[in-house]
1. I need every pair where a residue in the range 268-296 that is more than 21 Å from residue 331 (Cβ to Cβ) has its Cβ under 8 Å from the Cβ of a residue that is surrounded by fewer than 14 Cβ atoms within 10 Å (Cβ to Cβ) and among the aliphatic types (A, V, I, L, M), sequence separation at least 6 or different chains.
2. Mind listing whichever residues of the range 103-137 are hydroxyl-bearing (Ser, Thr, Tyr) and either modelled with pLDDT of 90 or more or out of contact with any helix residue (DSSP H, G or I) (no Cβ under 8 Å at 6 or more places or on another chain) (or both)?
3. Residue by residue through the range 202-220, note down the ones that are assigned to a helix (DSSP H, G or I) and surrounded by fewer than 19 Cβ atoms within 10 Å (Cβ to Cβ).
4. Within the range 107-139, track down each residue that is in a strand (DSSP E or B) and polar (S, T, N, Q).
5. In the set 318, 357, 330, which member is modelled with pLDDT under 95 and assigned by TED's automatic domain parsing to the domain that holds residue 154?
6. I'd like to verify a number: residues in the range 253-274 that are β-branched (Val, Ile, Thr), surrounded by fewer than 22 Cβ atoms within 10 Å (Cβ to Cβ) and closer than 20 Å to residue 127 by Cβ, how many?
7. Note down all Cβ pairs under 7 Å where the first residue falls in the range 123-135 and is under 13 Å from residue 155 (Cα atoms), the second is of a type in the set (Ser, Thr, Tyr), and they're at least six residues apart or on different chains.
8. Restricting attention to the range 138-147, does a residue exist that is touching a strand residue (DSSP E or B) at 6+ places or on another chain (Cβ under 6 Å), at pLDDT below 95 and not hydroxyl-bearing (Ser, Thr, Tyr)?
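The values are calculated or read from the model by the stated rules, or taken from the named source; none is laboratory data. Everything numeric here is computed off the predicted structure, so don't read it as measured data. Neighbour counts run over all protein chains shown; Cβ positions are idealised from the backbone, glycine included.
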Amino acid sequence: MSLRLSARPPLVLLHVCVALAMTSAAVARALAQSACWGGTMSSWAPGNNCVATSYAPPCPPGTWASQPPLGHTPPPNGDFDLESMLAEREAQCASWGGTWHNRVCDAGLNSFNWCGAGRKVIALTFDDGPVLPASWDPSRPHTSAVLADLAAAGVRATFLISPAAIGFSPETLPEKCAVLQDTLAAGHEVQSHTWLHGEIPSTPDIAAELQTVQDWFATCTGGATPLSMVRPPYGVIDVPSAHACNDAGHIVATWSHNSDDWKLAWSSLPVSDKITRIINRIMHGTDVDTQQPLPGASKLADTLAAGDSATVLFHDQAYWPGIVPQLVAAIHAVDPAYEFVTASECFHGCFDLVCNAPHGELHCSDAFCGWG
């Protein structure tokens, strides 16, 4: 397994709008003052300032495009109101003789890798499940062990599922469904990680792939709120495939801090050593193998000191009991004000349609957002 990360700096978010009967001077003024698109929808070409999407943002004014536990809509965070944000954008563009059109994007696509600056919240995320206990070794990592630790720590998380990825056969789907139901019943969120865990740009029909996950999820849960996010397997995504995900109603969800837990999934190290190395990777950016500083790694300790948010990447099949309680304790030892949120609460609280951490390990590259 490998991750394809961009070493390029994050992009400045652009406010995009469509002009209404603007004069040349007004267009120039709008472009200078707000980076507001001064052409028309039909003439606006991808790659000029931003990549066009054919799908309106999955979070229209006044609604929550999320899959909350058991289908219940979560209350909006006090520091965020999407309808107010859209109204502010529209009013700003109107003052310059234009209109902000939510069918074009701020920074290319509907995507996020953190929850915004100045928010003391952390989203713990777990990929590749549901993973069942191994019949040949029940001590191997599995999803139910993650659920037990989350309950012990008293925190919620988000599980991004690839039902056919780990230990799959048609006979296992009922058991995996039972684990998924336990996940929702415990108050956690579930989102998509594709059905087969293949690289999205190489998937012939990503819409069909995502629909397969949706259909299984709906059958398993009896029609819970549809999934609204997808995490690209291996972090691999490009502009056309990200558009396809948005068009299928899925926000692209990546991460800001990596645990690299998968590297120790089959290690012979004692479990206590694995836990220490994984937590040090998250908190201090050290390599789980060499225990030396890892170039380019995000350090959660620095993020906490800045009072900013984070999304942390784990894997069900590489989770060792004790990681979450110890990580939560380490975070609260630095700042007890930090809270743990779901991916939907994370994204909807960042006050934008694109939420990109400047320090994130997997952020929008030029190629991803369409400026390259």
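1. 296/7
2. The answer is 125, 135.
3. Within the range 202-220, 202, 207, 208, 211, 212, 214, 215, 216, 218, 219 qualify.
4. 111, 125
5. 357
6. 0
7. The qualifying pairs are 123/158; 123/311; 123/342; 125/158; 125/311.
8. yes
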